[in-house]
Amino acid sequence: MASEVARKAISYRNNVSGQGIADRKDKRYTLNAEFIRKGQKKMATESSSSAAPAGQSPLKTGAQIIVDTLVDEGVDTLFGYPGGVVLPLFDKLYDGPIRVIVPRHEQGGCHMADGYARASGKVGVIIATSGPGACNLVTGLATAMMDSIPVVAITGQVRTELIGNDAFQEADTTGITRPVTKYNCIVKDVKELRRIIKESFYIASTGRPGPVLIDIPVDVSVAKHNDNEPAEMKLPGYRVQTKGHGRQIAMAAQAINQSERPLLYVGGGIVSANASEELRALADKAHLPVTMTLLGLGTFDQNRAESLDMLGMHGTAYANYAVQECDLLIAVGARFDDRVTGKIKTFAPKAKIIHVDIDPASISKNVNVDIPVVGDAKLILDELAGQIEYKERKPWFEKIAGWKKKFPLGYDRSSSNIKPQYVIEELCRQTQGQAIITTGVGQHQMWTAQFYKFSRARQLISSGGLGTMGFGLPAAIGAQIARPGETVIDIDGDHSFNMTMTELATAVEHNLPIKVCIMNNGYMGLPRQWQELFYNKRYAMSSLSNPDYATVARALGAAGETADRKGDVPKAIKMMLGEKRPYVVDFKIEREENVWPMVPAGKSLDEMNGLDILESMA
Ligand SMILES: Cc1ncc(C[n+]2csc(CCOP(=O)(O)OP(=O)(O)O)c2C)c(N)n1
Ligand SMILES: [Mg+2]
């Protein structure tokens, strides 16, 4: 048996491309586990004893190459959770220089890497072990994929020779994650490690960004290679067009110059392209109103009169009316998501549409576009601004001002209960609108988008495309690590918080001063609102019992408070903002408050519910 293990441990090194796997498919995982265990022991002995041939630079293990390449890519912090097949990598990480944050669950770690990327503009890195570890990344990767966030995931895999063998903790990670990554691959030769990692960072962060996963069998991590050659990227099929087509830009400029009722509709692409400054310059030069998607909020200062705030299902009435009335819709870095467009057939019926996007596949995907411009938003907006004239457009701006006056966002300010909108307004006031805000998914997310006024990009960090409950807390941890000096607040829902609250322990462990404000309505509020409106108030399974969050927070080592009276709100927020520890405030909000306005799914943007309520509060 011992010699059999030794033979295999040596043979897999010569067998990294995976040949010879099929004939071992019948082995049971217990036997494989034995091989892994004994094989690893053998590898550890071998790896410590082998030396470089005379005259050559020392050989490095795959794990060392991974760490060195990450450092070369500028990674100083990563998120990762250990497990058998990533132990060689963790062993190298143990020696530094990269800071490793260990979450309590790999999903949390993946959201942390995502939040880190969104807050910093850098690539977020997450490491997980094979099988269950890798599977736990799926939601996080899909979240990053839908919102085009650059994340590199490194997963361990069972030894190459065991792949396909139902080995212990084996999962087909590349198969499982293919649809939720921009690119993924398995590395079967240590010689390819550096190049593939480099390519992964490049793919994740260029073009339309997105998550990339690299699956690394443990034998590749312990195999040795003379890593002294610079690795050239080989990506013949990957082209990123950054410069926009001159004639298309000229056509777009002409359309803007001719338009009487133009509207800029911008999304997360402005954030990825770091194009806020160019957006402002264009809007100022041509005198354009701007509406933003959830992911675009803050790319144009919401405190300015030209901001129409968010559009779509829970967007403002004035943004939605402007979309339906405009004669030119200038979409930049936005993808015409169905939460934005409502009924496609009647979306922006009077408008010619310009679409600036780096992803050619986004053009005319949902809505037919008249003038597409493919390329980097920063470059294109800058070029456009050079060809544009100022126009007063008085009747258009007056019309918009009329909608703003008639249907402002509002709520019953005279209520003696804690209204969630009030808490968010108070948070905005006390932080002077400058905090970095993360959210879960639900009503609280929409109220945050409506009532916190964002003035810069990367200030609101929220799961838009996938709508992932449980995103808020780990994303806040990632954001706080990326921006240590800033106030980071997770405005969460009770049930969203329930999903990942264990990550408070991670915040405590790393002394992160994150704040969590739970908008505790005791409901899965958004489904409850739909049930109220469309299911005859049958609140099927949309409320569950909750723990006492202040006690939970304290048990996990954070500070925890409860605010159950309206008068407590300002003081509770003030105390929270003054605290350096992770801090949770459980706001017992009005239980059956609704988000208004609301475009019911499948309706046109101008068929909003709740306008009478908003009008009565104007
Ligand atoms: C992981 C996940 N599961 C289910 C849903 C569907 N969903 C959307 S909002 C919501 C309820 C959210 O409740 P809570 O976090 O308390 O927020 P609230 O709406 O009450 O503010 C649910 C179940 C989801 N978005 N994500
Ligand atoms: Mg709730």
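The values are calculated or read from the model by the stated rules, or taken from the named source; none is laboratory data. Bear in mind the structure is a predicted one, so any value in this text is a computation, not a measurement. We place every Cβ from the backbone using ideal geometry, glycine too, and count neighbours over all the protein chains shown. These accessible areas exclude ligands, DNA and RNA; they are computed on the full protein's heavy atoms, side chains included. Shrake-Rupley method; radii C 1.70, N 1.55, O 1.52, S 1.80 Å.
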Quiz item: Do we have residue 229 as out of contact with any strand residue (DSSP E or B) (no Cβ under 8 Å at 6 or more places or on another chain) and in a loop (DSSP other than H, G, I, E, B) here?
Solution: yes
Quiz item: Taking the stated definitions as given, is residue 598 of a type outside the set (Phe, Trp, Tyr), within 29 Å of the chain's Cα centre (by Cα) and more than 15 Å from ligand 2 (Cβ to nearest atom)?
Solution: yes
Self-check item: Enumeration of residues in the range 401-412 that are of a type outside the set (A, V, I, L, M) and surrounded by fewer than 19 Cβ atoms within 10 Å (Cβ to Cβ)
Solution: 402, 403, 405, 406, 408, 410, 412
Self-check item: the range 519-549, subset under 21 Å from residue 422 (Cα atoms) and not in a loop (DSSP other than H, G, I, E, B), residue most open to solvent (accessible area, probe 1.4 Å)
Solution: 526
Quiz prompt | Failed item, numbered, when residue 375 is tested on (1) open to solvent by 40 Å² or more (accessible area, probe 1.4 Å); (2) at positive phi; (3) not β-branched (Val, Ile, Thr) | solution = (1)
Practice problem: Considering every residue within the range 386-400, establish whether at least one is surrounded by fewer than 23 Cβ atoms within 10 Å (Cβ to Cβ) and within 16 Å of ligand 2 (Cβ to nearest atom). | Solution: no
Self-check item: So residue 433, is it within 23 Å of the chain's Cα centre (by Cα) and more than 13 Å from ligand 1 (Cβ to nearest atom)
Solution: yes
Quiz item: Only one of (1) in a loop (DSSP other than H, G, I, E, B); (2) buried (at least 18 other Cβ atoms within 10 Å of the Cβ); (3) of a type in the set (Gly, Ala, Ser) fails for residue 572. Which number is that?
Solution: (1)
Practice problem: Sort out which residues of the range 407-447 are touching a Pro at 6+ places or on another chain (Cβ under 9 Å) and either farther than 20 Å from residue 317 by Cα or part of a helix (DSSP H, G or I) (or both), and write them in order of number. | Solution: 426, 429, 430, 438, 443, 444, 447
Practice problem: Any chance you could count how many residues in the range 491-514 are over 20 Å from residue 589 (Cβ atoms) and assigned to a helix (DSSP H, G or I)? | Solution: 9
Practice problem: Could you tell me whether any residue of the range 424-434 is open to solvent by 10 Å² or more (accessible area, probe 1.4 Å), more than 16 Å from ligand 2 (Cβ to nearest atom), touching a Lys or Arg at 6+ places or on another chain (Cβ under 8 Å) and farther than 23 Å from residue 301 by Cβ? | Solution: no
Quiz item: Within the group 197, 203, which residue is in a helix (DSSP H, G or I), β-branched (Val, Ile, Thr) and in contact with a strand residue (DSSP E or B) (Cβ under 6 Å, 6 or more places away or on another chain)?
Solution: 203
Quiz item: Can you pull out the residues in the range 469-501 that are near ligand 1 (Cβ under 9 Å from one of its atoms), of a type in the set (S, T, N, Q) and open to solvent by 10 Å² or more (accessible area, probe 1.4 Å)?
Solution: 498
Practice problem: Scan the strands (runs of 3 or more DSSP E) fully inside the range 47-162 and keep the ones with 1 or more residues being surrounded by fewer than 20 Cβ atoms within 10 Å (Cβ to Cβ) and modelled with pLDDT of 95 or more. | Solution: 77-80, 99-101
Quiz item: How many residues are open to solvent by less than 20 Å² (accessible area, probe 1.4 Å), of a type in the set (A, V, I, L, M, F, W, C) and assigned to a helix (DSSP H, G or I) if we restrict to the range 163-189?
Solution: 0
Exercise. Scan the range 451-467 for residues that are open to solvent by less than 10 Å² (accessible area, probe 1.4 Å) and either more than 9 Å from ligand 1 (Cβ to nearest atom) or not polar (S, T, N, Q) (or both) and report the count.
Key: 5
Quiz prompt | Residues that are among the basic types (Lys, Arg) and not in a helix (DSSP H, G or I), drawn from the range 356-387 | solution = 365
Quiz prompt | the range 451-490, residues that are touching a residue at least 60 places away in the same chain (Cβ under 8 Å), within 16 Å of ligand 2 (Cβ to nearest atom) and in a helix (DSSP H, G or I) | solution = 473
Quiz item: Restricting the first residue to the range 507-533 and requiring it to be under 21 Å from residue 569 (Cα atoms) and at pLDDT 95 or above, which pairs with a second residue that is near ligand 1 (Cβ under 8 Å from one of its atoms) and among the hydrophobic types (A, V, I, L, M, F, W, C) meet a Cβ separation below 6 Å and a spacing of at least six or different chains?
Solution: 518/497
